[in-house]
Amino acid sequence: MKTSKSEKLFNEAQKLIPGGVNSPVRAFKAVGGSPVFIQRGEGSKFYDVDGNEYIDYIGSWGPHLFGHNPPFIKEALLKAVEDGTSFGAPTELEVKMAKLISELVPSIEMVRMVNSGTEATMSAVRAARGFTGKEKFIKFEGCYHGHADYFLIKAGSGALTLGVPTSPGVTKGNAADTLLADYNDIDSVKKIIKQNKNEIAAVIIEPIAGNMGVVPAEKKFLEDLRTICSEEKIVLIFDEVMTGFRVAKGGAQELYGIKPDLSTFGKIIGGGLPVGAFGGKKEIMQMIAPSGPVYQAGTLSGNPLAMAAGYAALSHIKSNPDIYKSLEEKSSYLEKGIREALANVKKNYALNRVGSMMTLFFTEGEVNNFKSAVKSDTALYGKFYGEMLKRGIYLAPAQFEAAFVSTVHSKEDLDKTALACMEVLLSENL
Ligand code: KE4
């Protein structure tokens, strides 16, 4: 596979951009080799600057529910750009977007648009602190909520991949109010609440973790979490930046039938453009400036182009609710193919899937929390990754991430992927 143009670009990039990338996990540090630079995407595929074609399972880390460059998003963008790129003043589309989000996700009574998942989660915790007057909050080991200082404590995703789950630069003061619990372990939550009685403003959780690899919360665990937060007057925040509109029209909260107090969104709601959002109970959201004293702002929040792409994406979901049935069929078909490959090589690696997000963990036995996820052989994953890439399959370049199936992955794509998986798992260098 010729990658000389990518290698040349990467050498140049590393002189100008930290690690040569604008987000760490893209740098292939976890899987070895140098990243391929992508030229363009179309449907389930994208193409690097050397002309290599890949079946893409990253989908820009989640946004591309409909694959690359879906016509209805492209059309909406081209139309919007005729009117201008940004006004810094309210627009009708922002009202329509807020209405549509609250229609698709019933727990959202009010919502504020921001520019990334990180902005959404940091603002949601601030709203909870402002609403309760309390300062501490609970996160779970292995969950990733973006790169606000107080989240970078035992965080997942790139922080975990690069072996720095607790980042330098995060001050003791900033970390002091972050309390760490164990995912799927309600007793660890109860213990922390007991030790910090009446001091906890919020619990934030990925209801289906994607950032330690895919690890779904057990239903009873989430139900107990909901009950405890209600009893203790703690704001329950579902971080649905990845799961929102991914696993169901109404996100993970629809699948589990649990109503959080606040939810955060990102990725799919931007249709590939930079968008995040946080919202939920009116009494909490009205704390947000200018209706309340909790300050939160953004030059490009609700940007017309981002809203056009996001609104087109969510409108497509609203008018095509059966996409989740098709995503389930495609994803379970792929899962079946991978499980057959594993059976053929007599490997009992853990394969976790919820809807169209999944992770193959290079560890035997169940992966249901952070401790079991980190048992994975990341070096082996790196080898697997490189061999799959050579076969034109682009997976997440890190073990502790999710792979995504889109509505436009074809049976041929899925068969090719399962076959490649079989070949690689069978090959001697794995
Ligand atoms: P952003 O600030 O990257 O838009 O969103 C942060 C975030 C918050 N919450 C969850 C559950 C998330 O998954 C994310 C971001 N996800 C990572 C992928 N694991 C983004 C990819 C990257 O960091 O390059």
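Filter the stretch 121-172 for residues that are among the β-branched types (Val, Ile, Thr) and crowded, with 22+ Cβ neighbours inside 10 Å; which is nearest to Phe370 (Cα to Cα)?
Looking at residues that are among the β-branched types (Val, Ile, Thr) and crowded, with 22+ Cβ neighbours inside 10 Å, I get Thr161.
Being under 17 Å from Ile393 (Cα atoms), of a type in the set (Gly, Ala, Ser) and at pLDDT 95 or above is the requirement here; does Gly62 meet it?
Yes.
Of the residues Val105, Val114, only one is at pLDDT 95 or above, in the same structural domain as Gly257 (by TED's automatic domain parsing), among the aliphatic types (A, V, I, L, M) and within 10 Å of the ligand (Cβ to nearest atom); which?
Val114
Which residue pairs have Cβ atoms under 7 Å apart, sit 6 or more places apart or on different chains, and have a first residue in the stretch 82-101 that is assigned by TED's automatic domain parsing to the domain that holds Leu300 and a second that is loosely packed, with under 13 Cβ neighbours inside 10 Å and in a loop (DSSP other than H, G, I, E, B)?
If the second residue must be loosely packed, with under 13 Cβ neighbours inside 10 Å and in a loop (DSSP other than H, G, I, E, B), the pairs left are Gly88/Thr299.
Answer yes if at least one residue in the stretch 404-413 is free of Cβ contacts under 8 Å to residues at least 24 places away in the same chain and assigned to a helix (DSSP H, G or I), and no otherwise.
Yes; the residues of the stretch 404-413 include at least one that is free of Cβ contacts under 8 Å to residues at least 24 places away in the same chain and assigned to a helix (DSSP H, G or I).
Check every one of the strands (runs of 3 or more DSSP E) wholly within the stretch 173-280 and list those with 1 or more residues that are surrounded by 24 or more Cβ atoms within 10 Å (Cβ to Cβ).
Result: 200-205, 235-239, 262-265, 276-280.
So, restricting to helices (runs of 4 or more DSSP H) that lie completely within the stretch 309-395, which ones have at least 2 residues that are touching a His at 6+ places or on another chain (Cβ under 9 Å)?
Here the list reads 323-344.
Pull up the stretch 134-152, narrow it to residues that are closer than 16 Å to Asp177 by Cβ, part of a loop (DSSP other than H, G, I, E, B) and in contact (Cβ under 8 Å) with a residue 60 or more places away in the chain, then point me to the one that is nearest to the ligand (Cβ to nearest atom).
Restricting to residues being closer than 16 Å to Asp177 by Cβ, part of a loop (DSSP other than H, G, I, E, B) and in contact (Cβ under 8 Å) with a residue 60 or more places away in the chain, the top hit is His145.
Here is a list of conditions, (1) over 19 Å from the mean Cα position of the chain (by Cα); (2) part of a helix (DSSP H, G or I); (3) over 28 Å from Cys229 (Cβ atoms), and Ile284 meets all of them except one; can you say which number that is?
(3)
The values are calculated or read from the model by the stated rules, or taken from the named source; none is laboratory data. Because the structure is predicted, anything quoted here is derived from the model rather than measured. Note: ideal-geometry Cβ built from the backbone for every residue, glycine included; neighbour counts use all protein chains shown.
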